[in-house]
Structures are given as structure tokens and as C-alpha cells.
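S.K.: The following block contains the structure, expressed as C-alpha cells.
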Amino acid sequence: MLVLLVIAAGAAIAAGEPNPLDPAGAPAPVRRAVFRAEAAFARGEVGDAVAVLTDALADHLDHPAVRYRLGAYLLELGRAADAVPHLARASEQAPTSAAVWTEYARAAYESGAYAVAAGAFVRAHELRADALLLYYGGVAWILADRPADAVDVLAPLVASAPDTVPRDWVQALVSAAAAAAQPARAAAAVQRLVRDHPDARAAWLLASQQSQLAEDYATAALRMQVADWLAPLGAADRRHLADLYGAAALPRLAARQYARLWPDDARLARPLAVAWLQAHEPDSARVVLSEAVAGDPSLWGLLGDVEYEAERWEAARRAYAAAVAADPDAARSWLMLGACALKLGDEAAAREALGRAAGFARTEGEARRLLGQVGRVRD
């Protein structure tokens, strides 16, 4: 449920203007109905207050003092949808009352009419400069699935915040900008957020999120790294940091993060080994793969690649042989097993492995080319 302070009716009108919510200048029947309703409300008899004002409307006493209070009392009873039409009518009768527009926005929000609520919050803010009203307006636009409108409200709100900017405001703006495919419009906001809250881990994580949305993975990784320095990341976030370093083409940094999670998380053996290979550290990759293959036979092929690249033909052949033993449909491993056999001068083994590789469409061409070398290549 949306939480708002109820604005006193007397404070809702600009100085010097008559207050349309004050029944003092209304016809006597309206004054009597409002007095009775307020007395019931003061006693905690909210249902009776609603009944009094409903009867007043049935008697054609349609006045903003009646409509506003009836809507507010219905909200008090949790009947937001019933309050909406009364507050909508009150906003027509008293268009300069911030109190009316605020309660109208609240009723529309709580009844799920988010687009109506957004417009009402913005109008209330125009009448009574309260940044919280504009923030709720932006949130309502997000819930109405109109993120571009939310960005139009939230971006200037965040930019104009006189003191430290609230993180909730920036979070809403980042979410809206992402949904509107306009991540750049949140860039200044997150920069201000980390400037205003340099020791807040959550601020840096939010800033990282914005950079990811903008596909600036190097900045996203740096911001997430700062968050890690402020307070250690959990396993899921550390895995994400490693992935960000990988996306930013910083494999050595990615490998260091994966290594902090492996071998506790056996699933990370492959990305860790790949990161070490991309960082040109095959020995580190070999250590990881040699230990991990027992639990994940699908890694034999990658270990074979490491050994083949190092021209360790016999070690590579053993790895590829283990790969096809674990998965007889591993076409590339059959191909590489045959290539190793060629390097070792084992023609019979080469023919057998390459013949198997030729049976797969994706390796047939290369397998037949290598088969043509059997008997000619000895080293």
C-alpha cells in the first residue's frame, strides 16, 4: 500500500485563495452534513461518516467539501476503488487543491489505476512543491508500463535534489531508463549517487547495474569491484563480477574472481579455465582442468586443446580419447584425436579416429582432408 501523509485541507490552497474544501461558505445542508461526518470520523466511526456523506450526495449536495471527505474516508476503510470517482469529481470542482489531487493520486494508485495516479501526483506536485509527490508519480508511471514518462519525471527530480539524492529515487530512474531503452538518461544520476554516498555498497552496485544496461562492462566491473572492497560480495555477485570482467575483455581479472569460487562451485571450472587461456596462462588452465575432469568428463576436450596447443601430443591424445569415451558423439574430439595420432605417426589410430569424425557433418570436410595425409605425415 502506498504510504502518504494526508495533507490538511486548509494547507492545500495557495495563499489568498478561498479554500473549496472548507464548508464554511457552502449552503447550510452541506455544512451540516460535513459537520456530522467529521464528528463521526473523530469518534472512529468511519463507516457512519461515509454513510452521512453518501446520503448528502443522494440529496444532491454535490460539493468538493463532501466529495473530498467521502473519498478520504473510503480510503481510510481500504476502499480505494470506491474513493476514486469521488476524488476525481473533487479534482474537477477544486482543481487548485493539492490535498484533493494527492488523495486522488493515492486512491488511483491503491486501486491499480497507475496512469491516472501518475498524472494526479504530478499535478499535486505542481500545486504543492513536494519532491515525494513527484517520486511517486514516476513510480506510478513505471507501474503503468510507461517507462519513458517515468524517466521524464524522475530524471529532473534526481537532478534537482538539493541535498544527497535518495537511493530509491535513483533505483526507480535506473529501472525506468532500462525499460525505456534509455540507460544513458540515468548515467548522471548514478554518478551523483556514488558521489553523495561513496561508502555505500548498495550505491556502487546500483551504479554497476546502470553501466551494464548501457553495455559499458568495464565500468560496470569497476563499480562492482568497489562494492566488493566496501563489503565482500556473495558468491552469486562474485560470479557476476567475474562474468563482467570477461565481457570487458579482462580475462585475468575474471579468472581471479572465478578462482575465489572454484573448486567449491565445480560449475566454474570451464569459465575459469577459459579465462586463464584467454589470459595466456595455459599452465593455470591445465591445473584447473586436470583436477576438474574427474567430476565433469565434458572438460576432457578442453584439456585436450590445452595440451595440443602446447604440442604435448601424447597428453592431448589421452585427453581426446577420454572425451570420446565420455561422449561418442563428440565430433571435434574425434577429429582432434585423429590429428594427434597423425602427429605421433600412428596411422591406424588416425584412420579410425578420422573415419569417425568424417561421419559428422560439422567435421566431415576437415576429417577427409586429414585422412588424405595419412601415410604422408610422420611428424
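S.K.: Report every pair of residues separated by at least 6 positions or lying on different chains whose Cβ atoms are under 7 Å apart, first residue within segment 237-248 and in contact (Cβ under 8 Å) with a residue 24 or more places away in the chain and closer than 15 Å to Leu272 by Cβ, second among the polar types (S, T, N, Q) and open to solvent by less than 60 Å² (accessible area, probe 1.4 Å).
M.R.: Hits for this filter: Ala242/Gln257; Tyr245/Gln257.
S.K.: I'm trying to understand the selection: among the residues of segment 65-84, which are open to solvent by less than 10 Å² (accessible area, probe 1.4 Å) and of a type outside the set (A, V, I, L, M, F, W, C)?
M.R.: Gly71
S.K.: Could you count how many residues in segment 154-173 are open to solvent by 20 Å² or more (accessible area, probe 1.4 Å) and either outside any helix (DSSP H, G or I) or farther than 20 Å from Ala203 by Cβ (or both)?
M.R.: Summing the residues that are open to solvent by 20 Å² or more (accessible area, probe 1.4 Å) and either outside any helix (DSSP H, G or I) or farther than 20 Å from Ala203 by Cβ (or both) in segment 154-173 gives 5.
S.K.: Thr102 versus (1) in contact (Cβ under 8 Å) with a residue 24 or more places away in the chain; (2) under 30 Å from Ser160 (Cα atoms); (3) open to solvent by 10 Å² or more (accessible area, probe 1.4 Å): which is the lone unmet condition?
M.R.: It is condition (3) that Thr102 fails.
S.K.: Exactly one of these conditions fails for Arg267: (1) more than 21 Å from Ala326 (Cα to Cα); (2) basic (Lys, Arg); (3) open to solvent by 40 Å² or more (accessible area, probe 1.4 Å). Give me its number.
M.R.: Looking at each condition in turn, Arg267 falls short on (1).
S.K.: Filter segment 40-55 down to the residues that are open to solvent by less than 70 Å² (accessible area, probe 1.4 Å) and in a helix (DSSP H, G or I) and list them by number.
M.R.: Residues satisfying the conditions are Ala40, Val46, Gly47, Ala49, Val50, Ala51, Val52, Leu53, Thr54.
S.K.: Which one of these is in a helix (DSSP H, G or I) and either within 27 Å of the chain's Cα centre (by Cα) or over 30 Å from Asp168 (Cβ atoms) (or both): Asp237, Asp264? Please lay out each step first, then the result.
M.R.: On the way: Asp264 fails: in a helix (DSSP H, G or I).
From the options Asp237, Asp264, the qualifying one is Asp237.
A quick yes/no check of all residues on (1) surrounded by 20 or more Cβ atoms within 10 Å (Cβ to Cβ); (2) part of a helix (DSSP H, G or I):
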{"position": "Ala188", "(1), (2)": "no, yes"}
{"position": "Pro198", "(1), (2)": "no, no"}
{"position": "Ser211", "(1), (2)": "yes, yes"}
{"position": "Leu241", "(1), (2)": "yes, yes"}
{"position": "Leu244", "(1), (2)": "yes, yes"}
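S.K.: While we're looking at this one, here's another question. May I ask you to say which residue of Leu272, Leu230 is in contact with a Lys or Arg (Cβ under 7 Å, 6 or more places away or on another chain), among the hydrophobic types (A, V, I, L, M, F, W, C) and either open to solvent by 70 Å² or more (accessible area, probe 1.4 Å) or over 24 Å from Glu352 (Cβ atoms) (or both)?
M.R.: Details: Leu272 fails: in contact with a Lys or Arg (Cβ under 7 Å, 6 or more places away or on another chain).
On inspection, the qualifying residue turns out to be Leu230.
S.K.: Given segment 285-379, what helices (runs of 4 or more DSSP H) lie entirely inside it while holding 3 or more residues that are open to solvent by less than 20 Å² (accessible area, probe 1.4 Å)? Steps first, please.
M.R.: Working: elements: 300-309, 313-326, 331-343, 347-357, 364-371.
Because the criterion is at least 3 residues that are open to solvent by less than 20 Å² (accessible area, probe 1.4 Å), the helices (runs of 4 or more DSSP H) in segment 285-379 that meet it are 300-309, 313-326, 331-343, 347-357.
S.K.: Still on this structure: If I go through segment 105-140 residue by residue, how many of them are aromatic (Phe, Trp, Tyr), under 23 Å from the mean Cα position of the chain (by Cα), more than 14 Å from Leu75 (Cβ to Cβ) and surrounded by 24 or more Cβ atoms within 10 Å (Cβ to Cβ)?
M.R.: Restricting attention to segment 105-140, the residues satisfying the condition of being aromatic (Phe, Trp, Tyr) are 109, 114, 121, 135-136.
Filter once more, so that each one left must be under 23 Å from the mean Cα position of the chain (by Cα): 109, 114, 135-136.
Filter once more, so that each one left must be more than 14 Å from Leu75 (Cβ to Cβ): 114, 135-136.
Keeping just the survivors that are surrounded by 24 or more Cβ atoms within 10 Å (Cβ to Cβ) gives 136.
Residues meeting the conditions: 1.
The values are calculated or read from the model by the stated rules, or taken from the named source; none is laboratory data. Predicted model, so just to flag it, every value in this text is computed and none were measured. Note that each Cβ is placed from the backbone with ideal geometry, even for glycine, and that neighbours are counted across all protein chains shown. Ligands, DNA and RNA are stripped out before the accessible areas are found, and what is left, the full protein with its side chains, is counted by its heavy atoms. Shrake-Rupley method; radii C 1.70, N 1.55, O 1.52, S 1.80 Å.
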